[in-house]
Amino acid sequence: MKYRMETEVVHGVEQSDPHTGALSMPIYQTSTFVFKNSEQGARRFKGEESGYIYSRLGNPNTDVLGKKIALLEGYEAGMTTGSGMAAVANVVLAAAGAGDHIIVDDTVYGGTHYLIEEEIRNIGIEVTRVDASVLGQVENAMQENTRLIMIETPANPTLKLIDITGVVKIAHQGKALVCVDNTFLTPFYQRPKEFGADIVLHSATKYISGHGDVVAGIIVGDQKFINHAFKISTHYGWTLAPFNAWLLLRGLKTMGLRVHKSQENAQQIASWLEDHKAVEKVYYPFLKSHSQYDLARKQQSGGGGIIAFELKGGYEAGKTLMDHVHLCTLAVSLGDCDTLIQHPASMTHAGMSEEAMREAHITPGLVRLAVGVEHVQDLIEDLDKVLQKL
Ligand code: LCS
């Protein structure tokens, strides 16, 4: 990176239109691209000439977005997918096939949990779930045929952290790649590449978009891995639409402003919640009370915008809070300008068995707050009004 992150999100990777000089990249809303003649068509299909063919196989908007996130995360190459879940599936399929083994942390986004349990196991990929915050468990799970270790740090929704350096060391003693889902922190607050991770993925639906109007995914890694993963994407066809890529490029320009504001708000709200009588425990990486505070300080440059907290009143208190806040919007997702609140036990993780929920450390009174960019005092007053009555 030539400049600091706040500058690169605006300027990194040329986007202006060479034909008209338009500063904002045009939306290449096209399914196909015209060849000058049959010779050119043949050369492009054979890979002898660079250029576009058909938007599932590449489009200027998606290409620039992939390159831009690769730049921010410090990797050689990047690609986009139609959703964060497509990115997760794409990484697994690019790293492992039938007969291979993968290790997945026990606390991952609910959708990732279901993908692994209900699809990936069924296609003959062996899976071991571990608590990857305990490195001994990762070490014990390693096999000759382990090809991938998949982690989220901080994990959704408990904000458990995983020592990326430690996991990478174990993986690279064998033949496994490490993929970090960096959705929660973005490259602003954590760059897994600096700790040796091979692949980073994002649900770009979150902070990269920032406005709650797109579903999208990103994968970055070395050129060889991305070439292979991209080929898989062209086969499955989970391509990101050009307009959605354009919205993400637009959202990216303000990402610095948004993530810093959201983090500043989150740090204040987390400290305030810690002293509240209705709250049993607050989980926020940059609170000294977080059991992995030292690790947070080592591998993160900020605490991020997501807080989890445990209500003394358990499940019922969680539901009451959901039903009575006004400014904090009752919705899943995160990373938007709007503050979003959700209660995993009755919402995102409601379909999980009690045992799976216990394994993922989802307790009945756990609340997740994805802090937005509003005035922090308004958010505190909105929460306090309900918490006082619990
Ligand atoms: N990875 C993480 C860490 C996520 O939080 C999500 C979605 C995904 C991957 C999947 O991305 P998507 O396909 O939705 O773009 N997380 C959500 C959440 O916490 N609530 O709603 C969606």
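The values are calculated or read from the model by the stated rules, or taken from the named source; none is laboratory data. What you see is a predicted model; the values in this text were computed from it and never measured. In this analysis, Cβ positions are derived from the backbone assuming ideal geometry, glycine residues included, and neighbour counts consider all displayed protein chains. These accessible areas exclude ligands, DNA and RNA; they are computed on the full protein's heavy atoms, side chains included. Shrake-Rupley method; radii C 1.70, N 1.55, O 1.52, S 1.80 Å.
Things worth noting here:
- For region 349-371, the residues whose backbone nitrogen is under 16 Å from a point 7 Å from the Cα of Glu118, taken along Cα to Cβ, are 349-354, 356-357.
- When the helices of the chain are scored as -39500 (n - 2.57) per DSSP H run of n ≥ 4 and the total is divided over every residue, the value at 222 nm lands at -11500 deg cm²/dmol.
- Lysine pairs in region 256-387 whose alpha-carbon atoms fall under 20 angstrom of each other, counting only those eight or more residues apart or on distinct chains, come to 10.
- Partner lysines for Lys36 [C-alpha distance under 22 Å; skip if fewer than 8 residues away on the same chain]: Lys46
- With every protein chain in place, the chain: carbon and sulfur % of accessible area (1.4 Å): 52 percent
- If you take all other residues with their beta carbon under 11 Å from the beta carbon of Gly174, and give Lys and Arg +1 and Asp and Glu -1, the sum is +1.
- Karplus-derived 3J(HN,Hα) values for region 252-268, using 6.51 cos²θ - 1.76 cosθ + 1.60 with θ = phi - 60°, are 4, 4, 9, 4, x, 4, 5, 5, 5, 5, 5, 5, 4, 4, 4, 4, 5 Hz; glycine and proline are entered as x.
- Summarising the amide proton neighbourhood of Ser203: residues at separation of 5 or more, or on other chains, whose placed amide H is nearer than 5 Å comprise Thr183.
- Ordering of 165-171, 63-69 by packing [mean C-beta count within 10 Å, highest first]: 63-69, 165-171
- Cβ-defined net charge surrounding His343, 15 Å radius [Lys, Arg +1; Asp, Glu -1]: -1
- Across region 213-225, computed HN-Hα scalar couplings (Karplus, 6.51 cos²θ - 1.76 cosθ + 1.60, θ = phi - 60°) run 10, 9, 10, 6, x, 9, 10, 10, x, 7, 4, 5, 5 Hz from first to last residue, x flagging Gly and Pro.
- With viscosity 1.567 mPa s and temperature 4 °C, the Kirkwood radius over alpha carbon pairs of region 62-121 converts through Stokes-Einstein to a diffusion coefficient of 100 µm²/s.
- Residue-normalised accessible area of region 121-168, expressed per residue, 1.4 Å probe, Å²: 35 Å²
- Using C-alpha pairs under 8 Å with a sequence gap of at least 6, the mean separation divided by the residue count of the chain gives a relative contact order of 16 percent.
- Rounded to whole numbers, the Karplus 3J(HN,Hα) couplings from phi for region 78-88 are x, 8, 10, 9, x, 6, x, 5, 4, 5, 4 Hz, using 6.51 cos²θ - 1.76 cosθ + 1.60 with θ = phi - 60°, and x at Gly and Pro.
- Probe 1.4 Å, accessible area per residue of region 239-354, Å²: 42 Å²
- Using the alpha-carbon positions of region 5-252, Rg (one decimal) and Dmax (whole number) come out as 18.4, 60 Å.
- Translational diffusion of region 256-387, µm² s⁻¹ [Kirkwood Rh, Cα pairs; Stokes-Einstein; 25 °C; 0.890 mPa s]: 165 µm²/s
- Degrees between helix 164-173 axis and first principal axis of the chain (Cα, 0 to 90, nearest 10): 50 degrees
- Order by protection proxy (mean Cβ within 10 Å, highest first), peptides 100-112, 274-286: 100-112, 274-286
- Seen against the Cα atoms of the chain and their longest principal axis, helix 376-387 is set at about 50 degrees.
- For peptides 84-95, 7-18, sequence by mean Cβ density within 10 Å, most packed first: 84-95, 7-18
- Local net charge near Thr329, Cβ-Cβ under 12 Å (Lys/Arg +1, Asp/Glu -1): -4
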